[in-house]
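J.: Pasting a structure below so you can have a look.
The values are calculated or read from the model by the stated rules, or taken from the named source; none is laboratory data. Model, not experiment: these values are computed from the prediction. Glycine also receives a Cβ, built like all others from the backbone with ideal geometry; neighbour counts cover every protein chain displayed. Accessible surface is based on the protein model in full, side chains and every heavy atom, while ligands, DNA and RNA are left aside. Shrake-Rupley method; radii C 1.70, N 1.55, O 1.52, S 1.80 Å.
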Amino acid sequence: GYTIQDNVNEVRIVFSASDRRGRAVHSLHSSDVAVSDDDWIIRSFRSFRPAMDVPLDLVLLLDISSSAASQLPGEIAAAERFLASSQWQEQDRISILVFGGLHPQLICVRNCRAAEAQSKLNSLRAEDTTPLFDAVLKGVEILAGNHDPESRPAMILFSDGWDTSSRSSLGEALRAAEDLQATIYTVSSRSGKYAPDRGDDVLDYLAAGTGGLSFGPGQNLDSALHAVLEDLRGGYVLT
């Protein structure tokens, strides 16, 4: 008839490792890693495993504003190929959120590899304004809903980086993603013929602030998405 109470503190860290050429390293063991926390050096972990064993909870954020209209068909085609690839695991969950006009629109939640989702993608039309930061916050909200602590939350953002109509700020969007430990990967929707601008800085900032990757104007979309998936699968999770 006794109850014993105690406080248990556990910190979960998700990280990726690469060599000097930027290639993912898949052969790390717990003995290869140390965590520095203030004056503490921690080398003994409760668990250490490859991220390949961790299910993904992924949100695709697709900019359908008028400023990204010329690149939209190519992005939709790349997203469809990405969704149709055979690299997904049964536990992975994928959602699609598009933003343009007044509010972000949810295309599908966690089951976006179905044919119905692809049909909705093909029917998209460009809208006027760009609620970019609101869309990131909505993406965090989707990931936080029924969040499985064993899954890895992440977002892939297709945009030119220019926000024209959000009620929230860049800082609010970034803090929300950080609080959930959701990694943001950004892919510029601008062609490579333009010089870097403030929109590219915003995309870099979101990716760097959450531990993601940023792909600038003119990148091959299929290669960028392959690199994102490799980064997500090639990391490690320790507690």
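J.: Taking the Cβ-Cβ separation of L28 and N220 as r and a Förster radius of 30 Å, what is the calculated FRET efficiency to the nearest 0.05?
T.: 0.55
J.: Can I ask one more? Please calculate the 1.4 Å probe accessible area of S36, with all protein chains present, and give it to the nearest 10 Å².
T.: 90
J.: Set the Förster radius R0 to 35 Å, insert the Cβ-Cβ distance between R125 and S47 as r into 1/(1 + (r/R0)^6), and round the FRET efficiency to 0.05.
T.: Between R125 and S47 the formula returns 0.15.
J.: I want to make sure I understand the PRE zone here: with the label point 7 angstrom from the Cα of W40 toward its beta carbon, which residues in segment 196-239 have backbone N atoms less than 13 Å away?
T.: 239
J.: At a 1.4 Å probe, what is the % contribution of carbon and sulfur to the accessible area of the chain?
T.: Looking at the chain in its full context, I get 48 percent from C and S.
J.: What FRET efficiency would be calculated for the residue pair N9, Q89, taking the C-beta separation as r and a Förster radius of 35 Å, to the nearest 0.05?
T.: Calculated value: 0.70.
J.: Would you give the gap between the C-alpha center of segment 16-52 and the C-alpha center of segment 64-97, rounded to a whole Å?
T.: Centre-to-centre (Cα) distance: 31 Å.
J.: Pull out the extension gain between D197 and N111, defined as 0.36 nm times the separation in residues minus the alpha carbon to alpha carbon distance; nm, one decimal.
T.: Here the segment from D197 to N111 would lengthen by 27.4 nm.
J.: Something else now. GluC sites (Glu not before Pro), restricted to segment 31-92: which are DSSP loop and have at most 10 other Cβ atoms within 10 Å?
T.: Taking segment 31-92 and a limit of 10 other Cβ atoms within 10 Å, the loop GluC sites (Glu not before Pro) found are E90.
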